[in-house]
Every structure is written in structure tokens, then in C-alpha cells.
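The values are calculated or read from the model by the stated rules, or taken from the named source; none is laboratory data. In this text the structure is predicted, and so the values were computed from the model without any measurement. Here the Cβ is made from the backbone with ideal geometry for all residues, glycine too, and neighbour counts use every protein chain on show.
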């Protein structure tokens, strides 16, 4: 039974049945395209006003007939060869409504990509062929076969045997001149966005960070994404032609797609489809170094994949049962979902264990009264470079998105005495996947539980205000919106004009400009925020002790004859209140020993 493929809607059944008879066209040995075939293709094309493509094997058998649209027809990747370096052993003949028989750039690109024996275009007007042009693959230059295009000839004057002999010569040239394909080369990516040019540029950086090579992009202006294909079926068909012409391996979309949108787009485009969330997850998977980081990435990926898990034919819908199960059993799809859920439960348990260990370390720091300062900001703002500048930590700092994934903590000596811990955190980004925020919540708590946040902004970026808004939104989702903040305007040396951020301190983490001023500001802010004090709270004033526990960090507590001796971290306002409530003799600030660098009881 012969089948017609492509856009058959709106064509009457009798005409479709007639077009199906193209499969039965007799083609003699040494014949490139019989005149009868060209005449029928032209007549059918004019009747339906759509392109038609025909695949013919070297043995003269019609293998495929596909109907397209007015300006294009989808071409399948079909081949009969055994050696991937040779031609497909199939020639493609397709029509051009309107009478123009010249091959387009997309036609030539398809010739290279699908490695046809030949690509031929037949002009069709008034039910008759106006001419034919063919192209063959020629000698290779820089590993890429070059096309050899014939002149447009009349449909009745095709050099049939000469063109068939050219196919054999082309096959020999390609096999001799083209090197074996290299494994592991960068994937060729095509970007699609709806938001803005800036967002699409950021997507390009994400794609390059993931290891892809961006070869094309399109930005469609529309209020919201279309439900079935994100961009609409018409635009998707245009993108399919671009992907075909540019030899694209994958299309990356600048938003999170539903499972249905992904499937529909892959069917139309004929290439792998990846959304922004999957791309970021892939980068995180490459960057994760610690055990906790790898576990969190795996959990986020499974959280993302679970609702998108679909069946593939009978292998996913067949019931699995048998001895020990009885009854209807469960589908393969259900088994996979159950296994993913079980793995997610195991991952959460392991992450919770690591989170508990992190809490123990945090409690130890609190007992030692060491304040914590967290570097937060948009990805690639220069947080790791700043950490290295302040601590000589030697943390990897690259001009790439998400160069740092696992949090790094280092001790810093404050200019006004004492020390604090500086924590470098994972960078934020617009449209940060919810699955990542949930999976990395234990890591992001380093920022949420810090005493002071240093928001590092890229002062040279045109999107600095929008990026700062993203940082604020993520901090709010973590419950850290009320934390005291110092704004560090990094890359000030490369900025045309510094952003108008009140209190912002211009610095260059790479050159060291302004870093001392930032360190002074951090030290001064920490002194205002909290300082260690010793208190003697009489047993009659237990309400003050309860309030101290509720509003401040109590580090140590001892019961003595005259009352409770407490060591706590308090700010200036609380210290003044305690002096008024308990008297100046009951309050004593801790004194740091010059020899040991530790605080001694007064």
C-alpha cells in the first residue's frame, strides 16, 4: 500500500488517489526523471498550488511522495547506503509552483545535509513543467562538499544518462575527498525567543556555555506563547526551513516548554528541541563538582522530566505483569514514573542528610560568633573573582555563565578587627527554573541565613537594573528580602556610566579598584549589625532573657548565684536598650585578645 505524506488537507480524495499513482511510475535504467513523471508532477502541483517532492532510488523505484505548502515541502532523511560517508543513493525531485525552476539556498543545503544523489527542482505553471535544474555534490573544501549546479534546461531536453553518470562521479568525489566525520563536535544550535533581544543574547551565552555553536536565531514579537507550538504552526514551518538550511542539530527555545509543545515542535522541525530550563539544567550538570551539587542537579532534572515522561509506541504502553503481579499489571510508562519518584525520594533523603551536616557547621560558626557575609548576584557578575580578590581563595573564575555552582566559604580579616566568613553562592538568572530553586534550596540557604548580603552587579551591563530585580526576586523567594545589603558595582572600569544605585560602591574585582572601600563598608556594617557582649541578667528579669533569645543570637548561657550570665550578639540599638534595662554594670562588650585573636570574657 502506497502512502502520501505531508499536507494533504483540503485535497479531494480522487485527486489524492491519482497522486498516489506516482509510486507506480516506471523509470528505466539510466533515466534521471521521465518526462511523464515531470508532466504529472507539474499538473498536480498547479491543481493543488503546493510543492510536491518525489524520492527515487538508483534502481528506479519511487520510494516517497510528499506534499508540502506553497513555498516549501518537508524532506525526510532517507537513505539506502551502508557507508555514512557516501551519498544516500536517493535523488530528490520536487516542484516549484509559479514556474521558477531555479534551486533555492534551502534546496542546496538539503542536498548537503541529507546527502542526496541529486537535488532537482521542476518549475510548474499552467499545469506544465517550465524547466528543470539539478545539483550534485562536488569536491570537498575544508571538509564540506561543494555543490555543482546545472543550468536550467527544458523538461523535454534533460540529459538523462549524463545526469545519472554525474551521480556516480559525485559519489566517488565525496567518498574520496571528505574526511571521516569527527565525533564529539559542538552541536549546531538555532535559538527561538519571544521576550526580547537581550534575553535571546543571554540564551546564546547559555548555549555556548553548554558547548553548543549558535548558527542562527529568530525573535518573534507576540504577547504570549502559542499553546501547541509556542510560536504558531506557520512560524514553526519557517523555522524548520531555517534549520534545514543551516544544518541545525537542535533548536533552543527561550522559555520552558510543555511536553506537548516539545513533541509538536520536534515533529515539525525535525531536530531535537530543548527549552531554557533543560539548557540550564544541562549546564548545572556539567558544572557540579561536590556530591551535594550533583545530587541537587539530578533531583532538579528528574523534577523537570517527570511530567514530560511520555510513551514511545508499544514499548511504553504494553502491560507488564506475570507471576507475582497478577491482575492487569502496569504500563511501562507507569513503571518508569514509579522508579523516578523512588529515586527522587532517595535523593531528597541524601540532600537532607547533607543539609543537616551543613546546619551543624553553621551552628559551630554561630557559637564562635563569626558573622557570615554572602556574595549574591546575577550569574557572571564577578562574585568568584571578588572572593579571590578578598581571600586569595583560588576559586575558578571564568567569563562564563554559572562558572560557580557549589558554595565556597573563606575567612576574611576585617580592617576594624575581628573576622568574618565570606560565602560565594551560585549565580541567579532570569527565568530561573523552579525545579532548580527547590533542589538547591539547602545551598541557597547560605545566602538566606547570612548576616549581611553583598549584592554584586555587573555595572558594565546594559541590563544591570533588570538583573538586580531578578536577584531581589530570588532573594524574596528565599525569605531573605529583609537582610541588610551592600551593593557592589563590579566591572566599574568597563562601564560607560555607573548605574544609579543608591549607596553602591564601584569596584573592579579583576583589577582591585575599590575593593578596600568595599571591605571597610562590610566591616562597618557588621559592627552596626552585631557585636559580642556579656550580660548578667538577674533572675527577676527573665523577660529580658526571653526577649534576647527571640530577637538575637545567644551564643552561651551560664547560671550563677546572682543571675544568668549570657554571651550574645547584639546590634547598637539592642545594646543601648539592655544598658537602660539592666544598668551599665550588667553589660560588658567582649574584648578581643591581640595574642590569640579570640574574644575573652570580661
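Evaluate region 82-104: report whether one residue or more is at pLDDT 90 or above, surrounded by fewer than 20 Cβ atoms within 10 Å (Cβ to Cβ), assigned to a strand (DSSP E or B) and assigned by TED's automatic domain parsing to the domain that holds residue 24. No, every residue in region 82-104 fails to be at pLDDT 90 or above, surrounded by fewer than 20 Cβ atoms within 10 Å (Cβ to Cβ), assigned to a strand (DSSP E or B) and assigned by TED's automatic domain parsing to the domain that holds residue 24.
Does residue 5 meet the test of being surrounded by 14 or more Cβ atoms within 10 Å (Cβ to Cβ), within 47 Å of the chain's Cα centre (by Cα) and farther than 30 Å from residue 169 by Cα? Spelling it out, residue 5 is indeed surrounded by 14 or more Cβ atoms within 10 Å (Cβ to Cβ), within 47 Å of the chain's Cα centre (by Cα) and farther than 30 Å from residue 169 by Cα. Just one of the listed residues (456, 437) is within 25 Å of the chain's Cα centre (by Cα) and at pLDDT 85 or above, and it is 456.
Remark: residue 261 falls outside the filter, which requires a residue to be over 16 Å from the mean Cα position of the chain (by Cα) and part of a loop (DSSP other than H, G, I, E, B). For residues that are under 18 Å from residue 502 (Cα atoms) and touching a helix residue (DSSP H, G or I) at 6+ places or on another chain (Cβ under 9 Å), scanning just region 459-481, find the one that is surrounded by the most Cβ atoms within 10 Å (Cβ to Cβ). Applying the filter and picking the extreme gives 459. Just wondering, is there one or more residues in region 527-535 that are within 30 Å of residue 506 (Cα to Cα) and surrounded by 17 or more Cβ atoms within 10 Å (Cβ to Cβ)? Yes, that holds for at least one residue. Within region 58-78, does at least one residue satisfy the condition of being surrounded by 17 or more Cβ atoms within 10 Å (Cβ to Cβ), at pLDDT 90 or above and under 25 Å from residue 173 (Cα atoms)? The answer is yes; a qualifying residue exists. Within region 269-291, not a single residue is at pLDDT 85 or above, under 28 Å from residue 197 (Cα atoms), part of a loop (DSSP other than H, G, I, E, B) and within 14 Å of the chain's Cα centre (by Cα). For region 482-525, name all the residues that are buried (at least 17 other Cβ atoms within 10 Å of the Cβ), assigned to a loop (DSSP other than H, G, I, E, B) and more than 29 Å from the chain's Cα centre (by Cα). Within region 482-525, 483, 501, 504, 507, 514 meet the criteria. What number of residues within region 108-139 are outside any strand (DSSP E or B) and crowded, with 24+ Cβ neighbours inside 10 Å? Adding up the residues that qualify gives 4. For region 548-572, residues that are in contact with a helix residue (DSSP H, G or I) (Cβ under 9 Å, 6 or more places away or on another chain) and in a helix (DSSP H, G or I) total 3.
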